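See structure below.
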Amino acid sequence: MIRIAAVGDVHLDEDVVGRFRPALEELPDCADVLLLAGDLTRHGTEAEARCVAREFGDLGVPVITVLGNHDHQCDQVPQVVKVLADAGVTVLEGTGTVLETPGGRLGVAGVKGFGGGFAGRCASDFGEPEMKAFIRTTNESAGALGRALRGLDCDVLVALTHYSPVPDTLAGEPLEIYPFLGCYQLGQAIDSAPTALALHGHAHHGTERGTTPGGVRVRNVAHPVIKQAYSVFHLGGRDHLD
């Protein structure tokens, strides 16, 4: 059994450093890895990234993350990634990694993702250059996730994104903004591999549980949704998802 802790949308800054740390100190007793589903910071500054490094560094378990839209706001992504990497946090973007755990080899593939909407209510690669560029970004992101998932040799495979791969976990958000919260292409990428679980954030007013068209279980782990420092999922053998 592999134990996976996960949370997203912690939006750290100097004034909230320490909020999660007491619970995080208990991670080695209940999880083999911590996955962060993006929006680690409020505005994506190097200073905020240092707050994230202080909060999520040296936890006694590996920490893997993708970035979110907030982490891109100030155009300091290289600096943010370096600060996190220096703190031992693995940042994925169209890439994957395999961890050896007591319960087997865990593969995690991650990408921030992008918007676009879902079947029957989605944007298309047609019309103005701006719209084509929007959907091109969506398709490229999903394509990178699919390739990363299919390229991992592991016992249990997990997809980590910021944007949602399904509309199920957006229930509670205004319908008008669904196209800006996720896209069906991410779901297709997840279904293209033997993925056991997909984790995402971004939808603060969404719902925790969903399923891809191919039957992969999806969980929205945004902090405002799970309302705790992290959720823990048990995969391998008889999977247990709270």
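Using DSSP, restrict attention to beta bridges with both residues in segment 1-139 and report what percent are antiparallel, rounded to the nearest 5. Could the numbers behind the result be given before it?
Values: 9 of 21 bridges.
DSSP beta bridges in segment 1-139 are roughly 45 percent antiparallel.
With Cβ to Cβ distances under 11 Å as the rule, what net charge do the other residues near LEU59 carry (K, R +1; D, E -1)? Show your work: numbers first, answer last.
Numbers: positive: ARG21; negative: GLU25, GLU26, GLU55, ASP58.
Here the charged neighbours net out to -3.
Suppose every Lys and Arg Cβ carries +1 and every Asp and Glu Cβ carries -1, with no other charges. What dipole size does segment 2-235 come out with about its Cα centre, to the nearest 20 debye?
Numbers: 18 positive and 29 negative charges, 106 e Å.
Rounded to the nearest 20 debye, it is 500 debye.
For the chain, with a Gaussian network of springs between Cα atoms less than 10 Å apart, report the residue from ALA87, ALA53, ALA119 with the top mean-square fluctuation.
Highest fluctuation among the options: ALA119.
Mind checking which helices in the chain clear 20 Å along their axis (Cα) and have mean Kyte-Doolittle hydropathy of -1.0 or more, DSSP H runs only? Don't skip to the end; give the middle numbers.
Details: long enough: 129-150 (31 Å, -0.39).
Helix filter hits for the chain: 129-150.
Count charges around CYS74 for me, please; just the other residues with Cβ under 12 Å from its Cβ, Lys/Arg as +1, Asp/Glu as -1.
Summing Lys and Arg as +1 and Asp and Glu as -1 gives -3.
Just the Cα atoms of the chain, one point each, no solvent: what log10 I(q)/I(0) does Debye give at q = 0.08, 0.11, 0.17 Å⁻¹?
-0.26, -0.50, -1.26
Okay, helix-only estimate at 222 nm for the chain: each DSSP H run of n ≥ 4 adds -39500 (n - 2.57), divide by all residues, round to 500 deg cm²/dmol; what do you get?
Details: 7 runs with 63 residues, N = 242.
Calculated at 222 nm, the ellipticity per residue is -7500 deg cm²/dmol.
Please label the shape of segment 156-242 as rounded, prolate or oblate, based on the square roots a ≥ b ≥ c of the eigenvalues of the alpha-carbon gyration tensor (a/c under 1.5 means rounded; beyond that, a/b larger than b/c means prolate, else oblate).
Details: a/c = 2.21, a/b = 1.23, b/c = 1.81.
In terms of gyration-tensor shape, oblate.
Would you mind computing, in nm to one decimal, how far apart the modelled labels at THR211 and LYS132 are, each placed 7 Å from Cα along Cα→Cβ?
Once both label points are built, they end up 3.9 nm from each other.
Run the numbers on segment 2-235 and let me know its relative contact order in percent, using alpha-carbon pairs under 8 Å that are six or more apart. Write out the running numbers ahead of the final one.
Values: 616 pairs, mean separation 50.6, N = 234.
Relative contact order comes out at 22 percent.
Efficiency by 1/(1 + (r/R0)^6): what FRET value for ASP125 and ASP153, r their Cβ-Cβ distance, R0 = 41 Å, to the nearest 0.05?
On the way: r = 33 Å, r/R0 = 0.80.
It comes to 0.80.
Given DSSP loops and a limit of at most 10 other Cβ atoms within 10 Å, what is the longest stretch of the chain that contains no such trypsin sites (Lys or Arg not before Pro)? Numbers along the way, then the final one.
Values: sites that count: LYS227, ARG238.
It works out to 1-226.
Kindly work out what percent of the DSSP beta bridges joining two residues of segment 2-235 are antiparallel, to the nearest 5. Please list the in-between numbers first.
Details: 17 of 46 bridges.
In segment 2-235, DSSP labels about 35 percent of beta bridges as antiparallel.
Along the charge dipole of segment 2-235, which of GLY44, LEU152, VAL89 sits closest to the positive end, that is, farthest toward it, with unit charges on the beta carbon of Lys, Arg, Asp and Glu (+1, +1, -1, -1)?
LEU152
Have a look at PRO129, PRO102, PRO213 and tell me which one the Gaussian network model of the chain (Cα, springs below 10 Å) gives the largest fluctuation.
PRO129
Please find the FRET efficiency linking ASN139 to LEU175, where r is the Cβ-Cβ separation and R0 is fixed at 35 Å, and quote it to the nearest 0.05. List each step's numbers first, then the result.
Numbers: r = 23 Å, r/R0 = 0.66.
For R0 = 35 Å, the calculated efficiency reads 0.90.
Where a number appears in this text, it was derived from the coordinates with a stated rule and is not lab data. Treat the numbers as computed from the prediction; the structure is a model and nothing was measured. Glycine also receives a Cβ, built like all others from the backbone with ideal geometry; neighbour counts cover every protein chain displayed.
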